[in-house]
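This report concerns only the one structure given below.
Any read-out appearing in this document is the output of simple, stated calculations on the displayed coordinates, not a laboratory observation. Keep in mind the model is a prediction, meaning the values are calculated, not measured. So basically every Cβ, Gly included, is an ideal-geometry build from the backbone, and we count neighbours across all protein chains shown.
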Amino acid sequence: MRTLVVTAVMAVVLAGCGASGTRPDAAASNGRSPSSSPSPAQTSSPRPTIPHPTPGSTSSGTSTPPPAPLGTSEGGRVMLGRPCVHRGDPAEPQELTVEAGPGETVGYSTYYSDYSSELDRPDYTTGHGYGEAGPDHRFGASWVVRATATLGRATVQVVATDMSDPQSVSFDLVAQGAPCP
């Protein structure tokens, strides 16, 4: 039963962040328009779309929400411990706290600035998972961001069985020794 619930929760995460396999910048990177039909080989590993264009506009002229806020989600139920992390630094784990009802299932996945995640990068062994909120109405997780993770803005997408919509929160990922923005 738990596997079924977690599968459903992660399906909501992927659907909530637009797992269509087409990124907003797809036309620029592969020469096709985002509406053209991909070949079966191109649909084997869909990637969620994380809104990174300039807030308020896209290449198609439609309005998009701004990128996920740093530190705390708009809904206020998802919080990160650090607005900036040095990748691969065990002294700087990222910490996630989610407010949810006791026993509610929570799932999370981190998407990096190049739209990569554990879905298409098996070497990303941290920054994703699931579990249950405790009697204190909190789910917590922490991880050291892989040294191979792409630098830039990372977005953590979170769902819980008692959330009507996924919530997103972001942090900046910088190289060892680099200053945080």
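Dipole of region 68-174 computed with +1 at Lys/Arg Cβ and -1 at Asp/Glu Cβ about the Cα centre; of LEU96, HIS128, PHE171, farthest Cα towards the positive end is PHE171. For MET79, MET163, the sequence from fewest to most other C-beta atoms within 10 Å is MET79, MET163. The length gained by stretching the chain between MET79 and ALA147 to full extension, at 0.36 nm per residue less their Cα-Cα distance, is 22.2 nm. Our estimate of slack between SER164 and GLU92, defined as 0.36 nm per intervening residue step minus the Cα-Cα distance, is 22.8 nm.
Report the gain in length on full extension from ASP136 to ASP120: 0.36 nm times residue separation, minus Cα-Cα distance, nm rounded to one decimal.
2.3 nm
Across region 138-146, coupling constants 3J(HN,Hα) worked out from phi with the 6.51/-1.76/1.60 Karplus curve, θ = phi - 60°, read 10, 10, x, 8, 9, 7, 8, 5, 4 Hz, and Gly and Pro carry x.
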